Every structure is written in C-alpha cells, then in structure tokens.
1. Is it the case that the stretch 211-219 has a residue that's modelled with pLDDT of 85 or more and surrounded by 16 or more Cβ atoms within 10 Å (Cβ to Cβ)?
2. Name every residue in the stretch 126-149 that is of a type outside the set (Asp, Glu), assigned to a helix (DSSP H, G or I) and over 21 Å from the mean Cα position of the chain (by Cα), in order of residue number.
3. If you go through the stretch 272-288 one residue at a time, how many are surrounded by fewer than 24 Cβ atoms within 10 Å (Cβ to Cβ) and among the hydrophobic types (A, V, I, L, M, F, W, C)?
4. Can you tell me which residues in the stretch 150-197 are hydroxyl-bearing (Ser, Thr, Tyr) and not in a helix (DSSP H, G or I)?
5. Step by step: first the residues of the stretch 256-271, then only those that are closer than 23 Å to Val55 by Cβ and modelled with pLDDT of 95 or more, then the one that is surrounded by the fewest Cβ atoms within 10 Å (Cβ to Cβ). Which residue is that?
6. Is there any pair linking a residue in the stretch 63-79 that is farther than 22 Å from Leu114 by Cα to one that is modelled with pLDDT under 90, with Cβ under 9 Å and at least six apart or on different chains, and which?
7. Is there a residue being part of a loop (DSSP other than H, G, I, E, B) and within 25 Å of Ala192 (Cα to Cα) anywhere in the stretch 65-88?
8. How many residues does the stretch 134-165 hold that are more than 30 Å from Lys282 (Cα to Cα) and crowded, with 17+ Cβ neighbours inside 10 Å?
Amino acid sequence: MPLDAADLKISMQTAWILVGMAGLVLLAIATAWAIAIERIWSGRPVIPTRSGRPVPWGGPQVFASFFLWQFATLAMAELLRALRGEEDEPNLVTAMSAVALINLAILIVVPGFLALWNQARAIDFGLVWDRVGRDLILGVLTAIFCLPLIYGVQLTAILIWPPTPHPLMEMLFAERSPWVMILGILSAVIFAPAAEELLFRGVLQGWLEKRFGVTRPTRADDEVSELSSNDLQPGLNPRVANLTALVVPAAVFAIVHFGQWPAPLPLFVLAIALGLLYRRTKSIVAPIAAHATFNGLSTIAMIVIVLMVPKVEPEVVPIPGEPGVSAPEEATVDAEAEPLQAGESANSEENPTR
C-alpha cells in the first residue's frame, strides 16, 4: 500500500507521542554508546569474551537442519496454495501464522534432532541458566548500539533502490485488528529471531568455528574432549578462518531475505554484529535478544504507522470514455454509455483504434 504525505494527518497529541518515542530511542542509543566508551576507557572489552566448548555436530547435521527448514517452508507454501486455490489471492494473516508455526517447529525439532544424532546438550548452544539474564541485557544493548549503523545503511540503500513492501507491513495494513498485531509481534519479535539465530549462529556458525579452529580452548572443568584433526581445516590462515566463519552465516542470512530488497544490505550488517556477539559469548541467547530488539523496534514502528494512517476504502473510479470526452455528471448511466464503460468506443467500427 503506497503512502502519500496527505494520508499522514495526525493530531498534535500523536505527534508528541512520536517525538517522545524517538527521544527514548535516542536516549537508549546514547546510553549504549556511553557504556561502550566507558568500558573502552577503562581498558575492558566492550563484549566480554568467554571460553566455549566446540559444538558436537558436523557438516551433515548442518545441511540436514537447513534442509528441514526449507522443506517445511516449501511444504507449507504448497499446502496453503492447495487450500486457497490457484486463482485466489494469498491470505497474509494465514501466511504469517504458517511462518510462525514453522519457526516454532524449528525451535523444537532441530535441537531434538541434534540431541539424538550428536548428543547435543543445552550447553552446546550456550544455554547456561546463570548467564541468561546477563546475555539478554548484553544482546539488547548491542542491538541499540548498532542501530545508527544499521539504519544508516538502510537509509542509504532505500535512496538508491525503491524498497520492497514488507509482508508484515502489508498484513498490518490489510487487517488492522489487535489480534493481527499480536500475531505480528509473536512472529517477528519472538519466533523468527529465536529460530533464525538457532540456525544461522548456533548451528551454522558454531560448526564453521569448530571446522576452522576458531572456537577458543575450553576450561578443564567443561569436560570436553579435544578436537580431532578431521574437525580442523589444515593450512588456513587464522584471520581468514575467523572472517570466513563470521561472514558466511551473515551472507546466507542476508540472501534468505533477498526478496525484500534492499533489506539484505542492512541485515548483513546486523548479522555481522550478531555473529560477533555469538563468538564472544559462545551463546545464542545474546544474539536472539539483539535480533528480537531490532525486530521489535521495527515492528513497533510499523504498528505506529498503521495506527497513524486512516483506513481508506477503495473508491469507485469512473471508467473514462474516449480521450477528450469528460465523464457524465449524472450518477446514472444510460444504455448508450454502456459500451464506453466496457472499454469500447462508440465509433469503433468507423475509426478502429487497434
């Protein structure tokens, strides 16, 4: 739904609410940057580095996990197409509900699959309960810290390429009910970040870091066996290994969202930040929190825009007749004008136009 500036007729109260929200975001960004500067000034790392255990899964399990994800997505798309028919327009609410269910299934199936195949445990995903609170806070602060860079790239991109409408925005404009907004929040802020970080950071980046020897040595009390020579890529420069394990998951993450161009460009920057966060914390909790924070701010902005713009019903537009002939002023149209409404010219036989 294209927006026109004339549609944004907002009251003074709404304008002050928007100004207040923007002020809170700017205050949060300033706070995150102040914390980062203070840590650098005091000689501490911005993101604390932890030792971690190498993940137990390998390449076949990574491929199988992504195959399950794509197979579930394609199967659900075919099911929805069969239910609605080939000629019917897709129902955005139903499609968003299906995406949320797929992501929820991924959160259940993939860890269970890896637990059965590789005896993976919660600690292999960095789920240590006494660290969860700190990782959540760290993830939120990291997302807020990166907002100026991500939004800067996004603004530059949309000045060059016209943005593709986001399915969530289209759904919110089509169905403006509280339940649809709740569905959008659940899908975009909870299920999607958790499932995507599990796959891209936990499964894919975790395996690449083990494969390229990026994973740091673990403490003796972690009870982890040493990496075998088959798990390491021989002769690879450490810098190349570090960069490859970071960039490949970020690039795949951006490519998956290619249909929403130019969104992949700022999403690639976001994915790099999420990958660094995962590498430092050795946990998917912090990347999930950061991803959810970014999606949450974007979703709230969409909802605010939807509430600002009044719902406009489609207007009945009169079908024009011959060029240079104005439409009749009367509401009723006589029988002689019907050929004009059908797109035919009254004198088409004498003066054919095609």
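The values are calculated or read from the model by the stated rules, or taken from the named source; none is laboratory data. Since we're looking at a predicted model, the values are computed, not measured. Ideal geometry is used to build each Cβ from the backbone, glycine not excepted, and the neighbour counts take in all protein chains shown.
1. Yes, the conditions are met somewhere in the stretch 211-219.
2. Within the stretch 126-149, Trp129, Arg131, Val132, Gly133, Arg134 meet the criteria.
3. Count: 3.
4. Thr164, Ser177
5. Result: Leu270.
6. Pairs that qualify, where the first residue is farther than 22 Å from Leu114 by Cα and the partner is modelled with pLDDT under 90, are Met76/Ala95; Ala77/Ala95.
7. The answer is no, given that none of the residues of the stretch 65-88 is part of a loop (DSSP other than H, G, I, E, B) and within 25 Å of Ala192 (Cα to Cα).
8. Residues that pass the stated criteria total 0.
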